[in-house]
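I have placed the structure first, in the form of structure tokens, so that the comments after it can refer back to it.
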Amino acid sequence: MSEDAGPSVLEGVETKGLVVDYRYAVERTDHSALASGQVLRSAPGFPGFPVRLASELFQRALAHAKDGGRARVRLWDPCCGSGYLVTVLGLLHRDRLEHVCASDVDDDAVALAARNVELLSTEGLVAREEELRRSARDFGRPAFVERAEAARELAEGLAARGGDLPHEAVLADVFELSCPVRADLVITDVPYGEMTSWEGAAPEEEPLQAMLESLGRVLPAHAVVVITARTRRISLPEGVHALERLKVGNRAGAFVRARDIAP
């Protein structure tokens, strides 16, 4: 899976015909509580993301970020959609995070993301549990009771890992960034033309490279940027070398340092 990285803990595991190489998320944990539409909110046109892969990406990126000696990091997804990715990572890795930010150019996306990142607080999860229990009573559907129990368990896990995680969801066009952004890690799954597409000031040609250049202008030099997409390979600007690359199923990913993509 990884082109530029060294040997991993688990190599050559065959899964549905695909060779998957995980270094960190090596245990097959039940993440059904984090499925899109269960406790986390979803909407048509806002896809989720594989939870195990999200955890693997985060931990690989964190290993690069720790080169700077930071115990806890600030995470940002600039193409957040529903905010699913940062919310999942916040719930899984609260003890390694200081702050998460979700941003998007679409008003509906940011509104949905704001409701999801609220689940990174005890108050938000308690409110979600109560909402699901009301739905169970009103509609007589046992599935809502199970989702309510999952929200309670997520609240217990969040408390055990450090409690409420500071968070925000903001409206921003990733192609027109101008102010410095305090983030140590950027992890984002970019539009790929099936359920999602580029919006805002996206150029017709090479939008991914334009996005990376924009990120390079506003991020601190030490920040690590992780880009994934449903493609065979992530194309980087000329002269930019990946810290590492990976390929899992129909998604490719690339890790780069912000200083290397700065204009």
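Please determine, by comparing only the residues of the stretch 232-249 that are in a strand (DSSP E or B) and open to solvent by less than 40 Å² (accessible area, probe 1.4 Å), which one is farthest from residue 177 (Cα to Cα).
248
With 223, 202 as the choices, which residue is of a type in the set (A, V, I, L, M, F, W, C) and over 16 Å from the mean Cα position of the chain (by Cα)? Please lay out each step first, then the result.
Details: 223 fails: over 16 Å from the mean Cα position of the chain (by Cα).
Only one candidate qualifies: 202.
Restricting attention to the stretch 51-71, report how many residues are crowded, with 17+ Cβ neighbours inside 10 Å and in a loop (DSSP other than H, G, I, E, B). Step through it out loud before you land on a result.
Going through the stretch 51-71, the residues crowded, with 17+ Cβ neighbours inside 10 Å turn out to be 51-62, 64-65.
From what's left, in a loop (DSSP other than H, G, I, E, B): none.
The number of residues fulfilling the criteria is 0.
Is there a residue in the stretch 138-157 that is at pLDDT 95 or above and within 14 Å of the chain's Cα centre (by Cα)?
Within the stretch 138-157 (the criterion being at pLDDT 95 or above and within 14 Å of the chain's Cα centre (by Cα)), the answer is no, since none of the residues qualifies.
Look through 4, 21 and report the one residue that is at pLDDT 75 or above, touching a strand residue (DSSP E or B) at 6+ places or on another chain (Cβ under 9 Å) and acidic (Asp, Glu).
On the way: 4 fails: at pLDDT 75 or above.
Sole residue among the options that is at pLDDT 75 or above, touching a strand residue (DSSP E or B) at 6+ places or on another chain (Cβ under 9 Å) and acidic (Asp, Glu): 21.
Among 112, 89, 75, which is in contact with a helix residue (DSSP H, G or I) (Cβ under 8 Å, 6 or more places away or on another chain) and part of a helix (DSSP H, G or I)?
Working: 112 fails: in contact with a helix residue (DSSP H, G or I) (Cβ under 8 Å, 6 or more places away or on another chain); 75 fails: part of a helix (DSSP H, G or I).
Unique residue meeting the criteria: 89.
What are the residues in the stretch 127-138 that are open to solvent by 60 Å² or more (accessible area, probe 1.4 Å) and either among the polar types (S, T, N, Q) or under 12 Å from residue 39 (Cα atoms) (or both), if any? Outline the logic, then answer.
Initially, the stretch 127-138 is screened for residues open to solvent by 60 Å² or more (accessible area, probe 1.4 Å), giving 130, 133-134, 137-138.
130, 133, listed by residue number.
Among strands (runs of 3 or more DSSP E) lying entirely in the stretch 139-231, which contain 1 or more residues that are open to solvent by 50 Å² or more (accessible area, probe 1.4 Å)? Spell out how you get there, then give the answer.
Numbers: elements: 167-171, 185-189, 224-229.
Answer list for the stretch 139-231: 167-171.
Would you call residue 30 open to solvent by 50 Å² or more (accessible area, probe 1.4 Å) and modelled with pLDDT of 95 or more? If you could, list the steps in order and put the result at the bottom.
Values: open to solvent by 50 Å² or more (accessible area, probe 1.4 Å): yes; modelled with pLDDT of 95 or more: no.
No.
Right, residue 117: in contact (Cβ under 8 Å) with a residue 40 or more places away in the chain, surrounded by 15 or more Cβ atoms within 10 Å (Cβ to Cβ) and either over 22 Å from the mean Cα position of the chain (by Cα) or more than 24 Å from residue 47 (Cα to Cα) (or both) or not? Outline the logic, then answer.
Values: in contact (Cβ under 8 Å) with a residue 40 or more places away in the chain: yes; surrounded by 15 or more Cβ atoms within 10 Å (Cβ to Cβ): yes; either over 22 Å from the mean Cα position of the chain (by Cα) or more than 24 Å from residue 47 (Cα to Cα) (or both): no.
Criteria not met by residue 117.
Answer yes or no as to whether residue 122 is in contact with a helix residue (DSSP H, G or I) (Cβ under 8 Å, 6 or more places away or on another chain) and open to solvent by 30 Å² or more (accessible area, probe 1.4 Å).
yes
Restricting attention to the stretch 78-114, report how many residues are open to solvent by 20 Å² or more (accessible area, probe 1.4 Å) and of a type in the set (Gly, Ala, Ser).
Residues flagged as open to solvent by 20 Å² or more (accessible area, probe 1.4 Å) and of a type in the set (Gly, Ala, Ser) within the stretch 78-114 amount to 2.
With respect to residue 111, determine if the residue is small (Gly, Ala, Ser) and touching a residue at least 60 places away in the same chain (Cβ under 8 Å). Spell out the reasoning first.
Numbers: small (Gly, Ala, Ser): yes; touching a residue at least 60 places away in the same chain (Cβ under 8 Å): no.
No.
Of the conditions (1) farther than 30 Å from residue 33 by Cβ; (2) modelled with pLDDT of 90 or more; (3) of a type outside the set (Phe, Trp, Tyr), residue 187 satisfies every one except a single condition; which number is it?
If we test residue 187 against (1) farther than 30 Å from residue 33 by Cβ; (2) modelled with pLDDT of 90 or more; (3) of a type outside the set (Phe, Trp, Tyr), just (1) comes out false.
Would you pick out the residues in the stretch 250-263 that are open to solvent by 10 Å² or more (accessible area, probe 1.4 Å) and assigned to a strand (DSSP E or B)?
Across the stretch 250-263, the qualifying residues are 251, 257.
The values are calculated or read from the model by the stated rules, or taken from the named source; none is laboratory data. Computed from a predicted structure; not experimentally measured. Here the Cβ is made from the backbone with ideal geometry for all residues, glycine too, and neighbour counts use every protein chain on show. In case anyone asks, the SASA skips ligands and DNA or RNA and just uses the protein heavy atoms, side chains included. Shrake-Rupley method; radii C 1.70, N 1.55, O 1.52, S 1.80 Å.
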